[in-house]
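Trainee: Dropping the structure in here first, questions after.
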Amino acid sequence: MTGPMSGPMSGPTTGPLAGLRVVDAATLFAGPLAATYLGDFGADVVKVEHPRRPDAARTHGQAKDGVGLWWKTLGRNKRTVTIDLKHPDGAATMRRLLADTDVLVENFRPGTLERWGLGPEVLLEENPRLVIARVTAFGQDGPYAGRPGFGSLAEAMSGFAAVTGEPDGPPTLPPFGLADGIAGLATAYAVMAALRHRDATGRGQVVDLAIIEPILMMLGAPLTWYDQLGYVQPRTGNRSVNNAPRNVYRTKDDGWVAVSTSSQSIAERVLRLVGRGDLVEQPWFGTGRERAEHADELDAAVGGWIAERSQDEVVTAFEAAEAAVSAVYDVRGVLSDPQYQARGTAVTVPDDELGPMVMQNVLFRLSETPGEIRWTGRRPGADTDDVLAELGITAEEIARLREEGAV
């Protein structure tokens, strides 16, 4: 997206989710990300934050001129409102907002909304069509339900950290919110499934999403492997227990390339490319699992060939052989890569605080109803007056609520 950007109140929203109102009352990443994905495709997302303690995501990561940069992506396409949900008048205001809302996304510890008179029983009685997505570390029930938790605990508890890292090194956590990101996608999917049911029956429902669960599904079949075979997957570094060769390899010019051979035909092409067609004829070469058992030999063959060539030479040769390879990028490589450029994966959008800025585009392309970035993350409470006015609350009442600290 380049050129003029429409503001939050500049006109009707387009996209496949236009007409849906989503209230994002969550903090940090999993819940807010789900709301971002919905907003990217046209939902009217109202971000509700505490008047004096806004979402901590605003201060995570790098900042420019005191403005958090991650928030500009996480908060895009959201109107921002401040309401103190613990204040009786704030809770009443929230109920008015939710009375004509399609989706509520929240991540308070179980029982918190209930204490404030905003539990599902109350909200669904007032708005039976409401979908309430409750996103917490451990879910709404079970012995850990009341514990505080973040995505890092899910990465540890799911088994992800245990299989990540070098064999002789410690379990390794990712340097970004992986579990939160997966949970955000799962929440958006769950919300759409619940809305489909709502549209068919007229009844909303509660989505109970535990961040510890979606990442576990992404790990493959560790539960089934253990159940059927007693197998516990070890740490294998950049190798795979499912196929080989699969690794990152250093090139002659000190670059790195990633090679994957998940299919048999690709594995054969790679070994023939590096002059080791003899290995293709070995009886163990016929399955990915057996190739993984000979990873040392295969890595020596592939890694030795790559080490004698530059990164560009390796990528060109692999592409000519129709074998799977990629240079290992940092962010500079992402921005300069012609494939990302052709797809518009990184877009430049205007921001009312910092001017033009680059961020990731919407997640996927729809041929008839594409998503769009209409604006970047806004200041806390920037749209409070406008949103409350839409509920029929007068300017005088808004002023009173603000003076009392309810909004």
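Values in this text are rule-based calculations from the coordinates and carry no lab data. Being a predicted model, the structure only gives us computed values, none of them experimental. Neighbour counts are summed over all protein chains in view; Cβ atoms, including those assigned to glycine, are modelled from backbone coordinates with ideal geometry.
Trainee: Using only Cα atoms, figure out Rg for segment 73-231 and give it as a multiple of 2.2 N^0.38 Å. Before the final figure, lay out each step's value.
Mentor: Numbers: Rg = 18.3 Å, N = 159, 2.2 N^0.38 = 15.1 Å.
Relative to the rule-of-thumb radius for its length, segment 73-231 sits at 1.21.
Trainee: What do the square roots of 5 times the Cα gyration tensor eigenvalues come to for segment 246-328, in whole Å, largest first, as semi-axes of the equivalent ellipsoid?
Mentor: 20, 12, 11
Trainee: Between Glu403 and Gln140, take the C-beta separation as r, use R0 = 45 Å, and let me know the FRET efficiency to the nearest 0.05.
Mentor: My answer for the efficiency is 0.80.
Trainee: Could you check the simple spin-label distance between Thr59 and Glu319, using points 7 Å along Cα→Cβ, in nm with one decimal?
Mentor: Computed distance between label sites Thr59 and Glu319 equals 4.6 nm.
Trainee: Then there is this: What's the whole-number percent of alpha carbon pairs in the chain lying beyond 33 angstrom? Provide the component values of the computation, followed by the final result.
Mentor: Details: 36603 of 82621 pairs.
So the portion of pairs separated by more than 33 Å is 44 percent.
Trainee: Please determine, in degrees from 0 to 90 and to the nearest 10, the orientation of helix 30-40 with respect to the longest principal axis defined by the Cα atoms of the chain, where the helix direction is its Cα long axis.
Mentor: 80 degrees
Trainee: Please give every one of the aspartates and glutamates within straight-line cross-link reach of Lys64, meaning a C-alpha to C-alpha distance under 16 Å, and leave out same-chain neighbours fewer than 8 residues apart.
Mentor: Straight-distance partners of Lys64: Asp351, Asp352, Glu353.
Trainee: What are the ³J(HN,Hα) couplings of segment 99-111, residue after residue, when phi is run through the Karplus curve with 6.51, -1.76, 1.60 and θ = phi - 60°? Round to Hz, x for glycine and proline.
Mentor: Result, ordered by residue: 5, 10, 10, 8, 9, 10, 10, 9, 9, 6, 4, x, x Hz.
Trainee: What list of ³J(HN,Hα) couplings, whole Hz, do you get for segment 383-395 from phi and the Karplus terms 6.51, -1.76, 1.60, once you set θ to phi - 60° and write x for glycine and proline?
Mentor: Ordered by residue, 3J(HN,Hα) equals 10, 4, 4, 5, 5, 5, 4, 5, 7, x, 7, 6, 4 Hz.
Trainee: Relative to the longest principal axis of the C-alpha atoms of the chain, give the angle of the C-alpha long axis of helix 295-307, reported between 0 and 90° and rounded to the nearest 10°.
Mentor: Here the helix axis deviates by roughly 90 degrees.
Trainee: To test your reading of the geometry: what angle, between 0 and 90 degrees and rounded to tens, separates the Cα axis of helix 178-201 from the longest principal axis of the chain?
Mentor: 60 degrees
Trainee: Using all Cα-Cα distances in segment 286-407, what percent lands in each 10 angstrom bin from 0 up to the longest?
Mentor: Histogram of Cα-Cα distances, whole percents per bin: 9, 21, 20, 18, 14, 8, 9, 2.
Trainee: Here's another thing I want to ask about it. Which residue, chosen from Ala137, Ser367, Leu223, occupies the Cα position most advanced towards the positive end of the dipole of the chain, where the dipole is computed from +1 (Lys, Arg) and -1 (Asp, Glu) charges on Cβ about the Cα centre?
Mentor: Selected residue: Ala137.
Trainee: So which residue, out of Gly344, Gly139, Gly181, gets the largest mean-square fluctuation from a GNM of the chain using Cα contacts under 10 Å as springs?
Mentor: Comparing Gly344, Gly139, Gly181 in the GNM, the peak value goes to Gly344.
Trainee: Continuing with the same structure: By how many nm would the segment from Arg52 to Arg96 grow when fully extended, if each residue of separation counts as 0.36 nm and the alpha-carbon distance is taken off? The partial results should precede the final answer.
Mentor: Values: separation 44, 0.36 × 44 = 15.84 nm, distance 2.13 nm.
Fully extending the segment from Arg52 to Arg96 adds 13.7 nm.
Trainee: Where Lys and Arg each count +1 and Asp and Glu each count -1, what net charge lies around Gly15 among other residues with Cβ under 12 Å from its Cβ?
Mentor: Values: positive: Arg374; negative: Asp40, Asp44, Glu368, Glu372.
Its environment carries a net charge of -3.
Trainee: Given H placed 1.01 Å from N in the peptide plane, which residues other than close sequence neighbours of Gln205 have an amide H under 5 Å from its amide H?
Mentor: Val131, Ile132
Trainee: I've got another one for you. Taking only the alpha-carbon atoms of segment 40-151, what semi-axes of the equivalent ellipsoid follow from 5 times the gyration tensor eigenvalues under a square root, in whole Å, largest first? Please report the intermediate quantities before stating the final value.
Mentor: Numbers: eigenvalues 120, 70, 41 Å².
For segment 40-151, the semi-axes come out at 24, 19, 14 Å.
Trainee: Now a separate question. Sequence-distant or interchain residues sharing an amide H contact under 5 Å with Ala324, placed H: which?
Mentor: Ser260
Trainee: Quote the FRET efficiency, to the nearest 0.05, computed for Glu293 versus Met357 with a Förster distance R0 of 60 Å and r equal to the Cβ-Cβ distance.
Mentor: Working: r = 48 Å, r/R0 = 0.80.
Working from the Cβ atoms, E equals 0.80.
Trainee: For segment 303-348, take the alpha-carbon Rg, divide it by the Kirkwood Rh, and send me Rg/Rh. Present the calculation step by step, with values, prior to reporting the outcome.
Mentor: Working: Rg = 12.7 Å, Rh = 12.0 Å.
Rg/Rh for segment 303-348 comes to 1.05.
Trainee: Using θ = phi - 60° and the Karplus form 6.51 cos²θ - 1.76 cosθ + 1.60, what ³J(HN,Hα) does each residue of segment 276-290 get, whole Hz, x for Gly and Pro?
Mentor: For segment 276-290, the Karplus curve yields 10, x, 4, 5, 4, 7, 5, x, 7, 7, x, 9, x, 5, 6 Hz.
Trainee: Here is a further query. Let's test the formula: R0 of 30 Å, r as the Cβ-Cβ distance of Phe176 and His197. What FRET efficiency results, to the nearest 0.05? Walk me through the numbers on the way to the answer.
Mentor: Values: r = 33 Å, r/R0 = 1.10.
Between Phe176 and His197 the formula returns 0.35.
Trainee: On the Cα set of segment 209-251, report Rg and Dmax in Å, please.
Mentor: So, for segment 209-251, Rg and Dmax equal 13.6, 43 Å respectively.
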